[in-house]
Amino acid sequence: MDKVKNQTRPVFPFTAIVGQEEMKLALILNVIDPKIGGVMIMGDRGTGKSTTIRAIADLLPEIEVVADDLFNSHYSNYDLMSNFVKQQLENGSNIPTHFIKVPMVDLPLGATEDRLCGTIDIEKALNEGTKTFEPGLLAKANRGILYVDEVNLLDDHLVDILLDSAASGWNNVEREGISVRHPSRFVLVGSGNPEEGELRPQLLDRFGMHAEIKTVKDPSLRVQIVEQRAKFDKSPYDCIQECQLRQEELKNIIVAAQSKLSNVIIDDDLKVKISKICGILNVDGLRGDIVTNRAAKAFAAYQSKDEVDVQDVKKVITLCLRHRLRKDPLETIDSGTKVNQVVNEILS
């Protein structure tokens, strides 16, 4: 109990969230394999988007980082290590480490490019005459989750930078004669309300998955959600304590899936069927095929399986493709339904 109370601010437990299974699955799969490319969550206001995203970050096990490093560097993985740590390694220096919670970084709507990418420390430049890099949010988010609420209202230029960093795992900054390249590998989560405008298709396509969430209509389920929230607000630590066992179980399943992922295989025949579905749906490019393969493997690992089967593909393919279909303004059919129809024909 004391360990629970040490948290600076109580976070609603992930396993206590009722409903919204699609959003929860998309987040879990991206945590198992960040190379899926993040998730875009579109839905009504007040449906628990922010609560769920903070809850998944709080659920994850702590990560080991190099002490006094500004980029949450890994102590042995070169792809997750800053140049400063690499130099220390090459010099044979002793590298002290400590454990931190998985970083959860919020990108505010009014953020500038300097705030996102990093800039020159003006105070040091004026006082000491030295040009020093001051890291931005992309540095803080390395090895964590970067959350952008109302991503459809964010400047397209910033969305481009975010997606480039998420895809490459690196952030390159050129400022006032300083050139810095640092690791920036994170799970990008965007959320928004469709009423406030859609993202441009070419930006939307670069999100690995797209979860649609709607307000729960079932009265008994709504009552359950309201009661769960009221219970947490009244006594957050009791609620956290109550869910601790389920939280630990889910955490262990995710950690096991992360270890198992590289050994999961997908049959060539199933790969062909995935590509056939993408072809019939006129999905532009190959990103849809790649993400579906990755997500199916992550889902198989999540269930502790060695090989992907048809049911795994069926479970994830709509999440991976629905936002990649060309929109016809006159079409009445929902894009998710359209994907399901083709999937049921090919994977019957």
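The values are calculated or read from the model by the stated rules, or taken from the named source; none is laboratory data. Fair warning: this is a prediction, and the values are worked out from it, not measured in the lab. With ideal geometry, Cβ positions are generated from the backbone for all residues, glycine too; neighbour counts draw on all protein chains shown.
Can you confirm whether Glu176 is at pLDDT below 80 and within 25 Å of Pro34 (Cα to Cα)? So Glu176 fails the test. Count, please, the residues in region 324-346 that happen to be at pLDDT 80 or above, more than 18 Å from Arg200 (Cα to Cα) and in a loop (DSSP other than H, G, I, E, B). Count: 0.
Ala257 - would you say it is within 18 Å of Phe14 (Cα to Cα), outside any helix (DSSP H, G or I) and touching a helix residue (DSSP H, G or I) at 6+ places or on another chain (Cβ under 6 Å)? When the stated conditions are applied, Ala257 does not pass them. Restricting attention to region 249-295 and to residues that are more than 19 Å from Ile346 (Cα to Cα) and in contact with a Leu (Cβ under 8 Å, 6 or more places away or on another chain), the residue that is surrounded by the fewest Cβ atoms within 10 Å (Cβ to Cβ) turns out to be Lys251. Note on region 154-181: among residues that are in contact with a Leu (Cβ under 8 Å, 6 or more places away or on another chain) and either part of a strand (DSSP E or B) or charged (D, E, K, R) (or both), the one that is surrounded by the most Cβ atoms within 10 Å (Cβ to Cβ) is Asn171. Would you call Ser304 at pLDDT 90 or above and part of a loop (DSSP other than H, G, I, E, B)? Yes: the conditions hold for Ser304.
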